[in-house]
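A.B. asks: Dumping the structure here so I can ask a few things about it.
The values are calculated or read from the model by the stated rules, or taken from the named source; none is laboratory data. Treat the numbers as computed from the prediction; the structure is a model and nothing was measured. Virtual Cβ from ideal backbone geometry, glycine too; neighbours counted across all protein chains shown.
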Protein chains: 2
Amino acid sequence: MPEGRRPPASPGNLAGMAAALHEARLAASLEEVPVGAVVLKDGAILARAHNETVKRCDPTAHAELLAIQGALKTLGIDRLEACSLYVTLEPCAQCAGAIVLAKVGRLVFGAYDDKAGMCGSVGDLVRHAKLNHRVEVVGGVEEEACGRLLKAFFEHRR
Amino acid sequence: MPEGRRPPASPGNLAGMAAALHEARLAASLEEVPVGAVVLKDGAILARAHNETVKRCDPTAHAELLAIQGALKTLGIDRLEACSLYVTLEPCAQCAGAIVLAKVGRLVFGAYDDKAGMCGSVGDLVRHAKLNHRVEVVGGVEEEACGRLLKAFFEHRR
């Protein structure tokens, strides 16, 4: 990763990512791909989720989508502009699209995904000039810890 | 729409789109944005859905995502390579991403979406050179009927 991509790790970012990492570790313990996500508003966690693609036999059941849907339900509103989404892996096209639909205000992610990441790596849907919502993005928070979990999971499965 | 974008309307495409249009009309009758989707395999409908963003207070509850999840559940498998998804409106980033995740074999859509369509209009995620699945796409089937429903809905709401 180019050094310039690494953000300053603010205490708030680290606390949110710690909660997302907890979810990712829970996923690993359940034989799910270890990606975790939380949605915060005013420092309080509104929703927590981890990948459930194996349990649900549903490749769309990504942590971020489930966390967004959980936060919408908790708040009973249809936009999350005042919220921050923390996720251990850079969101894919589906989840980046869901972030735009739900108008999430801020996205903080851990590991970059050079194969499918759509928040800067392969493309950028959350800061797309032609879409009707743009997100504040911080990438690379606790990148090593987030990436190590994924690497260990896939090495173990081989 | 440029004339070259209009595909030959095969009987199969028209039948699939008729079922999707039925769902879109159902959505309109429920005060939902009139977009409908169906998933077919070997000519049989595996799942039907329409937008439920109002009912669920969830902007991610798009017809295509719900239809894909329904088809995965019906088949009990995690990929839809042998399936065709019919939807009355060009999928957005989220739904195009879900189509890639679920490895849908074929996508047939009705109206083009010049503001958010990610299957050729604003961008193309279902035939993206760097993603790990590419979809066969036919756009513009029953475009006028599909677009007319949306136009009438939004004119009525003004």
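A.B. asks: If I filter the range A:105-115 down to residues being surrounded by fewer than 22 Cβ atoms within 10 Å (Cβ to Cβ) and within 19 Å of residue A:83 (Cα to Cα), which single residue comes out as nearest to the other protein chains (Cβ to nearest Cβ)?
C.D. replies: A:105
A.B. asks: Answer with yes or no whether residue A:31 is within 23 Å of residue A:132 (Cβ to Cβ) and away from chain B (no Cβ under 12 Å).
C.D. replies: Here the answer is no, as residue A:31 does not meet what is asked.
A.B. asks: With the condition kept exactly as written, say whether any residue in the range B:101-117 is out of contact with any helix residue (DSSP H, G or I) (no Cβ under 8 Å at 6 or more places or on another chain), among the aliphatic types (A, V, I, L, M) and part of a helix (DSSP H, G or I).
C.D. replies: Checking the range B:101-117: not a single residue is out of contact with any helix residue (DSSP H, G or I) (no Cβ under 8 Å at 6 or more places or on another chain), among the aliphatic types (A, V, I, L, M) and part of a helix (DSSP H, G or I).
A.B. asks: Here's a follow-up. Evaluate the range A:76-92: report whether one residue or more is in a helix (DSSP H, G or I), in contact with a strand residue (DSSP E or B) (Cβ under 9 Å, 6 or more places away or on another chain) and modelled with pLDDT of 95 or more.
C.D. replies: no
A.B. asks: In the range A:131-158, how many are charged (D, E, K, R) and at pLDDT 95 or above?
C.D. replies: 6
A.B. asks: For the range B:61-77, give me each residue that is free of Cβ contacts under 8 Å to residues at least 24 places away in the same chain and among the β-branched types (Val, Ile, Thr).
C.D. replies: Answer for the range B:61-77, where residues must be free of Cβ contacts under 8 Å to residues at least 24 places away in the same chain and among the β-branched types (Val, Ile, Thr): just B:77.
A.B. asks: In this structure, is residue B:128 crowded, with 22+ Cβ neighbours inside 10 Å and within 11 Å of another protein chain (Cβ to nearest Cβ)?
C.D. replies: Against the criterion (crowded, with 22+ Cβ neighbours inside 10 Å and within 11 Å of another protein chain (Cβ to nearest Cβ)), residue B:128 does not qualify.
A.B. asks: Okay, next question. When you scan the range A:38-55, do you find a residue that is closer than 22 Å to residue B:92 by Cβ, within 14 Å of chain B (Cβ to nearest Cβ) and part of a helix (DSSP H, G or I), even just one?
C.D. replies: Yes, the range A:38-55 has at least one match.
A.B. asks: Right, next: Of the residues that make up the range A:67-74, is at least one within 9 Å of another protein chain (Cβ to nearest Cβ), part of a helix (DSSP H, G or I), in contact with a Ser or Thr (Cβ under 9 Å, 6 or more places away or on another chain) and within 20 Å of residue A:13 (Cα to Cα)?
C.D. replies: Within the range A:67-74, one or more residues are within 9 Å of another protein chain (Cβ to nearest Cβ), part of a helix (DSSP H, G or I), in contact with a Ser or Thr (Cβ under 9 Å, 6 or more places away or on another chain) and within 20 Å of residue A:13 (Cα to Cα).
A.B. asks: Moving on. Return the pair list, or none, for Cβ contacts closer than 7 Å from residues in the range B:95-114 that are touching a residue at least 60 places away in the same chain (Cβ under 8 Å) to residues that are part of a loop (DSSP other than H, G, I, E, B) and charged (D, E, K, R), at least 6 apart or on different chains.
C.D. replies: B:110/B:142; B:112/B:90
A.B. asks: Looking at the range B:69-83, which of its residues are under 18 Å from residue B:97 (Cβ atoms) and under 18 Å from the mean Cα position of the chain (by Cα)?
C.D. replies: Of everything in the range B:69-83, those that are under 18 Å from residue B:97 (Cβ atoms) and under 18 Å from the mean Cα position of the chain (by Cα) turn out to be B:69, B:70, B:71, B:72, B:79, B:80, B:81, B:83.
A.B. asks: Among the numbered criteria (1) crowded, with 22+ Cβ neighbours inside 10 Å; (2) closer than 18 Å to residue A:146 by Cα; (3) among the aliphatic types (A, V, I, L, M), which single criterion is violated by residue A:47?
C.D. replies: (2)
This table checks each residue for (1) surrounded by fewer than 18 Cβ atoms within 10 Å (Cβ to Cβ); (2) in contact (Cβ under 8 Å) with a residue 40 or more places away in the chain.
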position	(1), (2)
A:79	yes, no
A:117	no, no
A:136	yes, no
A:150	no, yes
A:155	yes, no
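A.B. asks: Yes or no: residue A:93 in contact with a Gly (Cβ under 9 Å, 6 or more places away or on another chain), buried (at least 22 other Cβ atoms within 10 Å of the Cβ) and within 9 Å of chain B (Cβ to nearest Cβ)?
C.D. replies: Yes, satisfied.
A.B. asks: Provide a single number: the residues in the range A:124-158 that are out of contact with any Phe, Trp or Tyr (no Cβ under 9 Å at 6 or more places or on another chain) and not in a loop (DSSP other than H, G, I, E, B).
C.D. replies: Of the residues in that region, 14 qualify.
A.B. asks: All but one of (1) more than 14 Å from every other protein chain (Cβ to nearest Cβ); (2) on the phi > 0 side of the Ramachandran plot hold for residue A:21; which doesn't?
C.D. replies: (2)
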